[in-house]
Amino acid sequence: MTTSFSGQGPVDAAADAALAATSLLRFATAGSVDDGKSTLVGRLLHDSKSVLADQLEAVESASRNRGQDTPDLALLTDGLRAEREQGITIDVAYRYFATPRRRFILADTPGHVQYTRNMVTGASTAELAVVLVDARNGVVEQTRRHAAVAALLRVPHVVLAVNKMDLVDYDEDVFARIAEEFTRYAASLGVPEITAIPISALVGDNVVTASAHMDWYGGPTVLEHLETVAVGDDPSDDPARFPVQYVIRPQSAERPDYRGYAGQIASGLLRVGQRVTVQPSGRSSTIEGLDVLGQSVDVAWAPQSVTVLLADDLDISRGDMIVPSDATVTPSQDLTATVCHLHDTPLTPGARVLLKHTTRTVKAIVKEIPSRLTLDDLSQHPEPGRLVANDIGRVVLRTSEPLPVDAYADSRRTGSFVLIDPADGSTLTAGMAGHAFADAVRETAEAEAGRAPDDDGWDF
């Protein structure tokens, strides 16, 4: 784990700028009610010159109508009428902006406990999470819940933004105490990197520009950290996973025998001449060609969209996964996972659902729900009987067909799935295969692993 209170180490500025200019950072914000999260996002957009003139005029007009003398920057993200009336965030608000150094996709997630599912949605693809804390209140129950969700989703970078420092007279001791408590808790969850930054979103201290009131702080501003934090993994570090989306068979006069398998590489890299295996069938072949944007290449890597040509004519269709023969994943019909239930209808043992994993959708049955997790204290409640909206728990599933699912701890892309209501197509549950959470909440892992499977009454 890496903890930072003072910014990045020395880097090659030219190389860093060249890399970041083409990089994209997906990040999410989270915080308790009234911690100033939407104000931080609004300040970040405003001070980075990412707000259009008509948007700012609309915010200024809405602020005047509410009797405010200065623009309420939180209105830049709180777009729902209920959000503006209550002064809270309810839904996930996505914002796209860019600086000369990097492009950003920001997910502003709600802070209320009843909207935990919304934070899971917003943070599921994030590479960084900004967790806000009110300097007057310190680390509270909801702060711990947000840190736990970030750890559960394997978000690699967490920023602790201690907000409203102006209301505690920019006291260094207040910041240090909160940073220490949060860092200790997040580290126990397995969060690999934590950076603490003291800010005042209302007046702009340490958001985009350095604060003149906190000379004791020598680290980066929020935007500086977002622009320089390392994003993405070296594709060569991960085994290649290529879910097939579409089979291309033009059968034209120019290409009568062309058979290409199109999709997006989920992880790793593929090379011409590489020996690969198709899951779940287990048949093998050799990559004969790779097409990227209509051009033949020798190597392709995640997250490029490519067309793969194989040396042999195999029975491959949408939903199959092409993997290296020396780094395969064993397909299985039995799946144990940590899930967050998203739907208002409870999830119960025996429920018949559809399971969507990458590009493949199969029938499944909820075999059992061994435990439910309370994020407040990380306690496990065995045999809860059901999971209701916002609940996080363990489930055991049985699928109608074998699926090549990686552990979520190894791959966020190929270790995740969703459960779908077969009646109306609504999303029920977001799942993470294996023991996706940190060691601190794996008390029941050994017990679950020792359970004998009971297939009585199963259709498949």
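The values are calculated or read from the model by the stated rules, or taken from the named source; none is laboratory data. If you're wondering where the values come from, they're calculated on a predicted model, not measured in any experiment. Cβ atoms come from the backbone with ideal geometry, glycine included; neighbour counts cover every protein chain shown. Only protein heavy atoms, including side chains, enter the accessible area calculation; ligands, DNA and RNA are left aside. Shrake-Rupley method; radii C 1.70, N 1.55, O 1.52, S 1.80 Å.
A residue that is without any contact (Cβ under 8 Å) to a residue 40 or more places away in the chain, touching an Asp or Glu at 6+ places or on another chain (Cβ under 6 Å) and part of a loop (DSSP other than H, G, I, E, B) occurs somewhere in the range 310-330.
Report yes if some residue within the range 165-178 is under 30 Å from G431 (Cα atoms) and buried (at least 21 other Cβ atoms within 10 Å of the Cβ); otherwise report no. No.
Screening V158 with (1) part of a strand (DSSP E or B); (2) touching a residue at least 40 places away in the same chain (Cβ under 8 Å) gives one miss only, at (2). Only one of the numbered conditions (1) touching a strand residue (DSSP E or B) at 6+ places or on another chain (Cβ under 9 Å); (2) free of Cβ contacts under 8 Å to residues at least 24 places away in the same chain is violated by R184, and that is (1). Hey, any hits in the range 190-207 for a residue that's of a type in the set (A, V, I, L, M), within 23 Å of R117 (Cβ to Cβ) and buried (at least 21 other Cβ atoms within 10 Å of the Cβ)? Yes, that holds for at least one residue.
Of everything listed in (1) assigned to a strand (DSSP E or B); (2) of a type in the set (A, V, I, L, M, F, W, C); (3) in contact with a Lys or Arg (Cβ under 8 Å, 6 or more places away or on another chain), the single unmet condition for V306 is (3). Give the range 148-168 a look and list any residue that's at pLDDT below 95 and out of contact with any strand residue (DSSP E or B) (no Cβ under 6 Å at 6 or more places or on another chain), or say none. Matches in the range 148-168: A148, V149, A151, L152, L153, R154, P156. Taking the criterion of being within 30 Å of D169 (Cβ to Cβ) and either open to solvent by less than 10 Å² (accessible area, probe 1.4 Å) or not assigned by the TED database to the domain that holds R177 (or both), the residues of the range 112-137 that qualify are L128, A129, V130, V131, L132, V133, D134, A135. Any idea which residue in the range 212-249 is farthest from L270 (Cα to Cα), counting only those that are at pLDDT below 85 and in a loop (DSSP other than H, G, I, E, B)? Checked the range 212-249; the qualifying residue farthest from L270 (Cα to Cα) is V231. Residue count for the range 219-254, restricted to those that are polar (S, T, N, Q) and crowded, with 18+ Cβ neighbours inside 10 Å: 2. Checked against the criterion of being at pLDDT 75 or above, open to solvent by 60 Å² or more (accessible area, probe 1.4 Å) and in a helix (DSSP H, G or I), the range 47-64 has no qualifying residue.
For the range 101-123, the set of residues classified as modelled with pLDDT under 85, part of a loop (DSSP other than H, G, I, E, B) and over 18 Å from A151 (Cα atoms) consists of H112 only. If you go through the range 369-410 and keep only what is farther than 22 Å from V120 by Cβ and open to solvent by 10 Å² or more (accessible area, probe 1.4 Å), you end up with P382, E383, R398, S400, E401, P402.
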